[in-house]
Amino acid sequence: MKYFIPFLLILLAGCAKPADKVPSQIEVATFDIHRGTNISHWLSQSNRRGAEREAYFTESDVAFLSAQGFDHLRIPIDEMQMWNEAGEKEPEAFALLHNSLKCARATTSRPLSICTFSAPTILMKAKTALDAT
């Protein structure tokens, strides 16, 4: 009996399906960014709407930043900018964000990576607290 368990383990190990790739052959996706800038007060922390918000950050700004050697843009977004009080998407805000993504990929100097993030605001924290009760 004392040899049965080790024998069973060796037998089971021999029946295991071999890995398709050994660890040294596994491809790892990377997100290499080195020099970027923050596009603040456009889709966050701002009361701009309409034409004023649209003119604040444009395709020419993206092209300029790419030409300056930046390889990524950090775009903070606030839920107050991106969604209305009913939780529905604000079409204008999402159109601006999507357009910035298209511009970043289409820059002639070099395509830019985009990092977006949304930090919870006091309103989001309050709503989460209310929903939990």
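Below are the figures for this structure:
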{"quantity": "Subset of segment 89-106 (residues that are surrounded by fewer than 13 Cβ atoms within 10 Å (Cβ to Cβ) and hydrophobic (A, V, I, L, M, F, W, C))", "calculated": "Ala95"}
{"quantity": "Top-ranked residue of segment 89-133 - restricted to ones that are of a type outside the set (A, V, I, L, M), modelled with pLDDT under 90 and assigned to a helix (DSSP H, G or I), ranked as farthest from Ala67 (Cα to Cα)", "calculated": "Asp131"}
{"quantity": "Any hit, segment 8-29, residues being in contact with a Phe, Trp or Tyr (Cβ under 7 Å, 6 or more places away or on another chain), at pLDDT 55 or above and either within 30 Å of Glu92 (Cα to Cα) or among the hydrophobic types (A, V, I, L, M, F, W, C) (or both)", "calculated": "no"}
{"quantity": "Scan of segment 45-88 for residues that are part of a loop (DSSP other than H, G, I, E, B) and loosely packed, with under 11 Cβ neighbours inside 10 Å, ordered by number", "calculated": "Asn47, Gln68, Gly69, Glu85, Ala86, Gly87, Glu88"}
{"quantity": "Residue pairs meeting the criteria (Cβ under 7 Å; at least 6 apart or on separate chains; first without any contact (Cβ under 8 Å) to a residue 12 or more places away in the chain and among the aromatic types (Phe, Trp, Tyr), in segment 100-115; second surrounded by fewer than 17 Cβ atoms within 10 Å (Cβ to Cβ) and in a helix (DSSP H, G or I))", "calculated": "none"}
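The values are calculated or read from the model by the stated rules, or taken from the named source; none is laboratory data. Since the model is a prediction, treat every value here as computed from it, not as a measurement. Here Cβ is always computed from backbone atoms with ideal geometry, including for glycine, and neighbour counts include all displayed protein chains.
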